[in-house]
Amino acid sequence: MAEPRITFADGDAYERTMGAWSRLAGEVFLDWLAPPAHQNWIDVGCGSGAFSQLVIERCAPAEIKGIDPSEEQLAFARRRLATGVAEVMKGDAMTLPFVDDRFDIAVMALVIFFVPQPAKGVAEMVRVVRSGGIVAAYAWDILGGGFPYAPVQAELRAAGMTPPLPPSVEASRMDALRALWSGAGVQHIEVREITVQRTFADFDDFWSKTAGSAALSAMLAKMTPAEIDSLKTGVQARLQRDAVGRIVSSARANAIRGRVA
């Protein structure tokens with residue numbers, strides 16, 4: 001039986017389950033990247049346009065091009081990014097539809113572990129960025145327990161089930177990111193961890209924003225009500241609470257940046 005995979009093809013579902021997490025990590029990442037204004041950007045794997053929107057709000061780009069393989073995600077992004085600065089289109093991270101040296105900055109935001117051959121994706125970002133330009137990414141540290149819904153994954157494993165993972169999950173490790181950037185000839189490589197925290201009103205609030213993901217929904221559909229109740233009880237026990245009983249959940253991403261030779 002094929003292992004369950006995390007995929008995102010629905011912009012609305014992504015916003016419900018990951019949108020707030022994406023924004024939290026993206027804000028810290030852009031503070032660290034500290035790019036100059038009026039740059040030409042490419043957002044590889046733009047999905048629902050969440051990161052592109054942050055770039056527009058915070059970085060005053062001259063332009064930003066978004067590439068994604070999902071028409072459903074792109075439709076959501078087009079509604080969100082109704083501005084002349086942004087343009088999104090269907091495309092493959094491993095064969096970007098742009099000439100060499102086209103951009104100042106290329107970014108993969110929470111995407112590299114979805115690219116079937118991450119090295120090809122990084123090489124393509126390097127190809128389309130000018131000499132001296134920035135190539136950067138950040139990814140949830142899934143194998144290190146940094147995924148926003150790591151408590152759910154841990155409880156699934158404790159119950160003998162395989163939690164859904166993205167197809168190239170190994171690429172999210174910090175050493176793997178370093179090797180990918182170095183292998184593509186990127187120079188002046190820097191890395192850092194990004195830790196973010198989110199508060200939920202209660203467990204039901206946390207669960208409603210977790211169970212809506214496509215991969216987890218598919219798993220839950222195969223479980224009995226008793227198994228789901230047991231899973232929820234175990235997840236709830238793993239979560240932290242603040243002084244008034246709200247759920248406090250943390251996530252961690254690995255980030256990398258460097259310059260094209």
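Does any residue of the stretch 157-170 turn out to be within 30 Å of Val99 (Cα to Cα), in a helix (DSSP H, G or I) and of a type outside the set (Phe, Trp, Tyr)? Talk me through it step by step, then tell me what you get.
Here is the first cut: in the stretch 157-170, the ones within 30 Å of Val99 (Cα to Cα) are 166-170.
Okay, now just the ones that are also in a helix (DSSP H, G or I), so 169-170.
Right, trim to of a type outside the set (Phe, Trp, Tyr) and you get 169-170.
There is at least one residue in the stretch 157-170 that is within 30 Å of Val99 (Cα to Cα), in a helix (DSSP H, G or I) and of a type outside the set (Phe, Trp, Tyr).
Which numbered condition in (1) in contact with a strand residue (DSSP E or B) (Cβ under 8 Å, 6 or more places away or on another chain); (2) surrounded by fewer than 22 Cβ atoms within 10 Å (Cβ to Cβ); (3) under 14 Å from Met174 (Cα atoms) is the only one that Trp140 fails?
(2)
Just checking: which of the strands (runs of 3 or more DSSP E) contained wholly in the stretch 39-100 hold 2 or more residues that are under 15 Å from the mean Cα position of the chain (by Cα)? If you could, list the steps in order and put the result at the bottom.
Numbers: elements: 40-44, 63-68, 86-90.
By residue number, 40-44, 63-68.
Can you name the condition, by its number, that Arg58 falls short on among (1) in contact with an Asp or Glu (Cβ under 7 Å, 6 or more places away or on another chain); (2) modelled with pLDDT of 95 or more; (3) surrounded by fewer than 24 Cβ atoms within 10 Å (Cβ to Cβ)?
If we test Arg58 against (1) in contact with an Asp or Glu (Cβ under 7 Å, 6 or more places away or on another chain); (2) modelled with pLDDT of 95 or more; (3) surrounded by fewer than 24 Cβ atoms within 10 Å (Cβ to Cβ), just (1) comes out false.
Please go through the stretch 104-121 and give me each residue that is of a type in the set (D, E, K, R) and part of a strand (DSSP E or B), ordered by number.
Our first condition is that a residue be of a type in the set (D, E, K, R); within the stretch 104-121, this holds for 104, 120.
The answer is Asp104, and nothing else.
Given the criteria closer than 25 Å to Ala34 by Cβ, surrounded by fewer than 21 Cβ atoms within 10 Å (Cβ to Cβ) and touching a Pro at 6+ places or on another chain (Cβ under 9 Å), does Arg198 qualify? I'd like the intermediate steps shown before the answer.
Values: closer than 25 Å to Ala34 by Cβ: yes; surrounded by fewer than 21 Cβ atoms within 10 Å (Cβ to Cβ): yes; touching a Pro at 6+ places or on another chain (Cβ under 9 Å): yes.
Judged against the criteria, Arg198 is a match.
Can you find even one residue in the stretch 74-83 that is within 26 Å of Val191 (Cβ to Cβ) and either out of contact with any strand residue (DSSP E or B) (no Cβ under 6 Å at 6 or more places or on another chain) or at pLDDT 95 or above (or both)? Quick ask: steps written out before the conclusion?
From the stretch 74-83, those within 26 Å of Val191 (Cβ to Cβ) are none; that's our starting set.
Within the stretch 74-83, not a single residue is within 26 Å of Val191 (Cβ to Cβ) and either out of contact with any strand residue (DSSP E or B) (no Cβ under 6 Å at 6 or more places or on another chain) or at pLDDT 95 or above (or both).
Looking at (1) in contact with a strand residue (DSSP E or B) (Cβ under 9 Å, 6 or more places away or on another chain); (2) surrounded by fewer than 13 Cβ atoms within 10 Å (Cβ to Cβ); (3) aliphatic (A, V, I, L, M), which is the only condition Leu177 fails?
That leaves (2) as the condition not met.
The values are calculated or read from the model by the stated rules, or taken from the named source; none is laboratory data. All of these numbers come straight from a predicted model, not from anything done at the bench. Reconstructed Cβ throughout: ideal geometry from the backbone, glycine too, with neighbour counts over all protein chains shown.
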